[in-house]
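*Asks:* Okay, handing you the structure first.
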Amino acid sequence: FDQARKSSLGYEAYADQIAGMFRRQPTVLEELLDGLFHIAKADGRVIDEEIDYLRSVATIFGFDAAKFARIRASHLGADKTDPFVVLGVALLVVTAVNGGGVLGFVLGGLFVALGIARIQLERKRGS
């Protein structure tokens, strides 16, 4: 894939060819995507451009956003941008800054828990 990114055809043509070869074997495609995640992690960090590349390959392989999120989470941990987690943390922070309030803390905690549960459910669905 790294060589494909440097060629005039781009990685998309190669990914599309591989997707066609294994269209009826999504497990093989997921293992290939897993391998690409391992390569991306090899230097100890994964930058946004690498995530965009991996997401693009996943789309070409026929994986939807939920499947990609599950695969990503299995390699990088939960996506901190889950909207429920973000909203919950925001509620907790605003409540704490404004001197508390049971309702704010309860709702914030519930949104964080809901976001984490969503992430766990996606992981479970994918396995």
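*Asks:* What are the pairs with Cβ atoms under 8 angstrom where one residue, in segment 104-115, is without any contact (Cβ under 8 Å) to a residue 40 or more places away in the chain and the other, located anywhere, is among the aromatic types (Phe, Trp, Tyr) and crowded, with 17+ Cβ neighbours inside 10 Å? Sequence gap at least six, or different chains.
*Replies:* Every condition considered, the pairs that remain are Phe111/Phe84; Val112/Phe84; Leu114/Phe84; Gly115/Phe84.
*Asks:* Sticking with this one: Name the single residue, out of those in segment 44-68 being at pLDDT 85 or above and among the aliphatic types (A, V, I, L, M), that is most open to solvent (accessible area, probe 1.4 Å).
*Replies:* Checking each candidate, the answer is Ala65.
*Asks:* Here is a follow-up. Pairs please, first residue from segment 47-62 and on the phi < 0 side of the Ramachandran plot, second anywhere and of a type outside the set (A, V, I, L, M) and crowded, with 19+ Cβ neighbours inside 10 Å, Cβ atoms under 6 Å, 6+ apart in sequence or on different chains.
*Replies:* Note: pairs meeting the criteria are Arg55/Phe68; Ala58/Phe68.
The values are calculated or read from the model by the stated rules, or taken from the named source; none is laboratory data. Small disclaimer: the values here were computed from a predicted structure and weren't measured. Neighbour counts run over all protein chains shown; Cβ positions are idealised from the backbone, glycine included. To get the accessible areas, we keep the full protein, side chains included, count just its heavy atoms, and leave off ligands, DNA and RNA. Shrake-Rupley method; radii C 1.70, N 1.55, O 1.52, S 1.80 Å.
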